[in-house]
Structure formats: C-alpha cells, structure tokens
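*Asks:* I'd like to ask some things about the structure below.
Read-outs: derived from the displayed coordinates by stated rules, not from any lab. These figures come from a predicted structure and were not determined experimentally. Here Cβ is always computed from backbone atoms with ideal geometry, including for glycine, and neighbour counts include all displayed protein chains.
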C-alpha cells in the first residue's frame, strides 16, 4: 500500500503510523458532557468503504495527515495535511454513506 | 566546543572505518564511502506562516538560496541546506559555530534553531553505483529527474531514520542518528561489497 504524502510524495505504508479514526471530534478538555466523551472514545462509523483516517508520516516528514482509505480495497482517494481545516470533504462523504 | 569522536571509530574498539578498497573491487571501485564530519548540523523550523522569513534568514547566513518546493535544497560544497518536512530545514556547514550565526537571525518570532551537530553522523556515498546501492536500502526514487542535485528526502531504512541530500549527480550525503551510525555504516559496506567500494 502506498500513501502519497503531500510533502514527500508516494511512500510505502511502512513509513506511516496509523493515528486513529479521523471522524472523532475531541470535546473541550474541561467538558463534562459524558455523552460527548463517550462518543469520542467509543463511537465509530466502521464503514465498508471510504474511511476518514489520521496517519502520521513517522518515517519521513513526520507530518500528520488526513487520509481517506477504502476499507474494502485499501485504495487511498485523498491525502492532506491534518493541520488547519478539520472538516475535510472526505468526512462528509463518509458520513453521507453511513 | 567539546571535541567530537566519530562513532565509526570509537577507541579502543576495532575501527569500523577501514580505509582502502574492499569487496569486489577487482573490476573497479563503483562506490566511495566516507564520513564527512561536518562541524555543524542544524535543524531549523519555522512557525506556521513564517517559512519565507526563515528561508530568507538561511540565505542571509549561508548565502544559499532555497529553491521552491517540498524537499528542495542546495549546496556549495561547504554549506548545504534542504527541506525535510513542511517548514523545516537541515542546514550543514563544514565549520563549527553555525548555530550561533543563526541566533540573531532566526528570532523566536520566526522559528527555532536546534543544534544536532553531536547527534547526527554524516555519511557520503559517491560513484556510478551510488544510486543502485541506495536503492537497496530506501524505497524512494533516486533517479536524477525525481531527486535533483541539492534536494533532500526524509525516509528510513528499517527503523533507522535517515535524511538524504543529493550533493552531486552521483553523490549523496546521508544523515543518521549517531547511535545508529555504526550499524548503518556496516550495512552500507555490506551492500557495497558486490560493486566494489573504497573507504576514504
């Protein structure tokens, strides 16, 4: 599996570290909203198809990336820096399909 | 500055850096391996939005202009610079004291300067088979059009993180963590045996 890092170009997946589901939204650290924390920790879309994920190019530029990976085919349809806009197009795409 | 000792020849152990020709050199020496021992190896990082100021500061101190683009870099044979991550650059000088030269140029508003001179070992591989030997280590494209002279790449060989700069058409400088340098050097020597190599 190759992931095309926006900085380094196409690299083998061995250079990357999976950092979890990219659909989660962490509540404010002072939040006492238990439902929000529960959703952050446990709720997952688990789609059979495009999935919004966070990866780190730990064996390269070390940037955190928003990756859309198809869980059935491993096809990577989008890679972008995680810094900045948290609501990527892919996220809505994933939610729309679920 | 504290005197540095090469990790490749730590007395009283058997030196790893055995100068001379090795491997299958009867048909010619196709790669030359050496440790360049630069006096200064720095990592510079710009805060988001301050990248242009940092690049301009690098030009002020080193005289090297960074071309546009990810991983772009340049070298004049004495000083070298290349981008290895968004807003981050490795700057190398044969002389010591480069960090203090940057102290007044890269202000806290622009970014940070980290002196890695004692933390990295610089290994040079040169010769007509340099690309070929490196391709056995790293899954990146070493062809000249994809990896132009001056450019840098961050990658790894198993868990040994490496920054590689092309400093000539058939010459690469590899920066590895000092603690991994001996094992990486030995692996590089083994990989070079079949093409014939010389250690300088």
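*Asks:* Extent of the range B:127-200 along each principal axis, from alpha carbon coordinates, in Å, largest to smallest?
*Replies:* The Cα atoms of the range B:127-200 stretch 30, 26, 21 Å along the principal axes, largest first.
*Asks:* Estimate the FRET efficiency between residue B:146 and residue B:118 by the formula 1/(1 + (r/R0)^6), using the beta-carbon distance for r and 35 Å for R0, to the nearest 0.05. Could you put the intermediate results ahead of the total?
*Replies:* Details: r = 33 Å, r/R0 = 0.93.
So, using R0 = 35 Å, E works out to roughly 0.60.
*Asks:* Another question about this same structure. Suppose a student asked you for the relative contact order of the range A:2-97, using Cα pairs under 8 Å spaced at least 6 residues apart; what percent would you report?
*Replies:* It comes to 27 percent, rounded to a whole number.
*Asks:* Å³ per residue of the Cα convex hull, for the range A:2-97?
*Replies:* With only Cα atoms used, the range A:2-97 gives 104 Å³ per residue.
*Asks:* Still on this structure, I have one more. With springs only between Cα atoms under 10 Å, which of B:96, B:35, B:26 fluctuates most in a Gaussian network model of chain B?
*Replies:* In this elastic network of chain B, the residue with the biggest mean-square fluctuation among B:96, B:35, B:26 is B:26.
*Asks:* Give, in nm to one decimal, the length gained when the segment between residue A:19 and residue A:45 is fully stretched (0.36 nm per residue of separation minus the Cα-Cα distance).
*Replies:* Extra length available between residue A:19 and residue A:45 comes to 7.8 nm.
*Asks:* Can you sort A:1, B:156 so the residue with the fewest Cβ neighbours within 10 Å comes first?
*Replies:* Values: A:1 10, B:156 20.
Lowest count first: A:1, B:156.
*Asks:* Can you give me the angle between helix B:181-192 and the longest principal axis of chain B, using Cα atoms only, in degrees from 0 to 90, rounded to the nearest 10?
*Replies:* 50 degrees
*Asks:* Further question on the same structure: Distance between the C-alpha centers of the range B:176-191 and the range B:94-160? Whole Å please.
*Replies:* Taking the Cα centre of each part, the range B:176-191 and the range B:94-160 sit 15 Å apart.
*Asks:* Then there's this: Where does each of B:175, A:7, A:18 land when they are ranked from fewest to most other beta-carbon atoms within 10 angstrom?
*Replies:* Ordered by Cβ neighbours within 10 Å, fewest first: A:18, A:7, B:175.
*Asks:* Let me ask something else about it. Using 0.36 nm per residue of separation minus the Cα-Cα distance, give me the extension gain between residue B:59 and residue B:96 in nm, one decimal. Provide the component values of the computation, followed by the final result.
*Replies:* Details: separation 37, 0.36 × 37 = 13.32 nm, distance 1.78 nm.
That works out to 11.5 nm of additional length.
*Asks:* Helix B:51-62 versus the longest principal axis of chain B: what angle, 0 to 90°, nearest 10, using Cα atoms?
*Replies:* 70 degrees
*Asks:* Rounded, prolate or oblate: pick one for the range B:40-115, where a ≥ b ≥ c are the square roots of the eigenvalues of its C-alpha gyration tensor, a/c under 1.5 means rounded, and failing that, prolate if a/b is larger than b/c, else oblate.
*Replies:* Oblate.
*Asks:* Roughly how crowded by other chains is peptide A:56-64, in terms of the mean Cβ count from those chains within 10 Å of each of its Cβ atoms?
*Replies:* 5
*Asks:* If you don't mind, there's one more thing I want to ask. Viscosity 1.567 mPa s, temperature 4 °C: give me the Stokes-Einstein translational D for the protein assembly as shown in µm²/s, with Rh taken as the Kirkwood radius over C-alpha pairs.
*Replies:* Result for D is 61 µm²/s.
*Asks:* Calculate for the protein assembly as shown the 222 nm mean residue ellipticity that helices alone would give, adding -39,500 (n - 2.57) per DSSP H run of length 4 or more and normalising by residue count, nearest 500 deg cm²/dmol.
*Replies:* The helix contribution divided over the protein assembly as shown gives -5000 deg cm²/dmol.
*Asks:* I want to verify a result. In a Gaussian network model of chain B, Cα cutoff 10 Å, which of these has the top mean-square fluctuation: B:149, B:78, B:106?
*Replies:* Checking each option, the largest mean-square fluctuation is seen for B:78.
*Asks:* What residues from the range B:135-172 fall in the zone where the backbone N is under 13 Å from a label point 7 Å along the Cα-to-C-beta line of residue A:58?
*Replies:* B:159-161
*Asks:* Tell me, what is the FRET efficiency for residue B:25 and residue A:12 to the nearest 0.05, using R0 = 45 angstrom and their Cβ-Cβ distance as r?
*Replies:* Once rounded, the FRET efficiency stands at 0.90.
*Asks:* Here's a follow-up. Based on the Cβ-Cβ distance from residue B:4 to residue B:76, what FRET efficiency comes out when R0 is 22 Å, to the nearest 0.05?
*Replies:* Details: r = 23 Å, r/R0 = 1.05.
FRET efficiency, residue B:4 to residue B:76: 0.45.
*Asks:* Can you compute the equivalent ellipsoid semi-axes for chain B, i.e. the square root of 5 times each eigenvalue of the Cα gyration tensor, sorted largest first and rounded to whole Å? Write down the numbers at each step before the final one.
*Replies:* Values: eigenvalues 178, 74, 36 Å².
Each semi-axis is √(5λ); the values are 30, 19, 13 Å.
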